[in-house]
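Only the coordinates and a few stated rules stand behind these numbers; no lab work does. A quick note: this is a predicted structure, and the numbers were derived from the prediction, not measured. Neighbour counts are summed over all protein chains in view; Cβ atoms, including those assigned to glycine, are modelled from backbone coordinates with ideal geometry.
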Amino acid sequence: MQAVYGELPLDLASPPPGAVQLSPLMPGSAAIEALADGTLHGLVMHAPRGTLERRYALAHGLRALRVGAPLTVLAQKKQGGTRLRDELDAFGCVVEETSKQRFRICTARRPESPVGLGEAIGAGRPQLAPGLDLWSQPGVFSWDRIDPASALLIKHLPALSGRGADLGCGIGVLARAAMAERDVRHVTLIDIDRRAIAAACRNVEDTRAAFVWADIRKAGVVPSNLDFVVMNPPFHDGGLEDQGLGRLFLQRAAVALRPGGLCLVTANRHLPYEAAMCPLFADVEQIVQDHLFKVYALRK
Ligand SMILES: C[S@@+](CC[C@H](N)C(=O)[O-])C[C@H]1O[C@@H](n2cnc3c(N)ncnc32)[C@H](O)[C@@H]1O
């Protein structure tokens, strides 16, 4: 079996024919952790930018490759690319490196006895985040602290009831806060990141919760006729600012709510979402703002 991890810039590298996708950010892909040792015939990886996450993925890739099987890893120079060679060297690989456009591209073969895989896998594994007391994993959004925009929403969350959804739930902090209300009957937590959904399942152990690993850009993912939605919408895609994604989340929330249903949304102050909110909701109220963030209650 051949595998690919992440979306490849196709002018720089192509996936091996029939390759299985392993990215946790592509719903439906296989999990790199589930691959048996020494079974992969080749792997091409667009390495993640975070150090712990990248070393974890590289270590799992090396663990899963057969001895002598080819590994190609690339990353933008400013997103970990300049560290790739040293990281692969440290795992015992003999590395060839080239530089193209803004990328570093490293090729190697799986050595007979790689070193340090267990330590890298241990550091990047799902874990109780230090100081947070919640399950999380390096690579997940704001993995080891409550995002301040979410903290502001939690502090000002009004009483909720009925059926709701947490769009882009991450490790589940907003859903947890919503479910503190006994009148909340059901919450669907949705995220594109498999690791976030796995953590949320452990953080929100509640029979009223359902968990969905899915891309909200796809139609039909969010349930309908909801009483409320809570969200801290993403405004980055692939490391680049993408306000369109936040606007799409607002649209999905508006469609999912019943008439009179409530969307609680938190966002960076600099994001001009008001223009998108007004045509979608009957009532747009800013509940609070601080020097960085603002929280809205949007009534359908
Ligand atoms: C700003 S974070 C908020 C996370 C969490 N709600 C919190 O408050 O900490 C946005 C979340 O949206 C998820 N996300 C990004 N694009 C998505 C998409 N197309 N479909 C579903 N989830 C997405 C990210 O993985 C991330 O967990």
**Asked** What is the order of Ser29, Ser161, Ser113, fewest Cβ neighbours within 10 Å to most?
**Response** Ser113, Ser161, Ser29
**Request:** Treating only the Cβ atoms of Lys and Arg (+1) and Asp and Glu (-1) as charged, compute the dipole magnitude of the chain about its Cα centre; round to the nearest 20 debye.
**Result:** 240 debye
**Prompt:** Can you give the FRET efficiency for Ala275 and Ala210, using 1/(1 + (r/R0)^6), R0 = 45 Å, r = Cβ-Cβ distance, to the nearest 0.05?
**Reply:** 0.90
**Message:** Just to be sure I follow the definition: excluding the sites themselves, where is the longest run in the chain that has none of the GluC sites (Glu not before Pro) in a DSSP loop with at most 14 other Cβ atoms within 10 Å?
**Reply:** 8-111
**Prompt:** Average projected area of the Cα convex hull of the stretch 2-124, in nm²?
**Reply:** 6.7 nm²
**Item:** Gain in span if fully extended, Val255 to Ala31, counting 0.36 nm per residue against the direct Cα distance
**Value:** 77.4 nm
**Prompt:** For Thr51 and Asp147 in the same chain, what is the full-extension length gain: residue separation times 0.36 nm, less their Cα-Cα distance, in nm?
**Reply:** 32.6 nm
**Message:** Projecting each Cα onto the charge dipole of the stretch 2-124 (Lys/Arg +1, Asp/Glu -1 at the beta carbon, about the Cα centre), which of Val44, Thr98, Met26 comes out farthest on the positive side?
**Reply:** Thr98
**Förster radius 30 Å - calculated FRET efficiency between Leu128 and Arg182, Cβ distance, rounded to 0.05** = 0.65
**Item:** Diffusion coefficient, µm² s⁻¹, Stokes-Einstein with Kirkwood Rh over alpha-carbon pairs of the stretch 172-300 at 25 °C and 0.890 mPa s
**Value:** 161 µm²/s
**Item:** Charge dipole (debye, nearest 20) of the stretch 142-300; +1 at Cβ of Lys and Arg, -1 at Cβ of Asp and Glu
**Value:** 340 debye
**Message:** Need one number: convex hull volume per residue for the chain, Cα atoms only, in Å³.
**Reply:** 137 Å³
**Asked** Say the dipole of the chain comes from +1 at the beta carbon of Lys and Arg and -1 at that of Asp and Glu; which of Ala199, Leu167, Gly61 then lies farthest toward its positive end?
**Response** Leu167
**Message:** Starting from a Cα-only point model with no solvent, please compute log10 I(q)/I(0) by Debye for the stretch 224-283 at q = 0.17, 0.24, 0.26 1/Å.
**Reply:** -0.54, -0.99, -1.12
**Asked** Along the charge dipole of the chain, which of Pro111, Gly244, Ala123 sits closest to the positive end, that is, farthest toward it, with unit charges on the beta carbon of Lys, Arg, Asp and Glu (+1, +1, -1, -1)?
**Response** Gly244
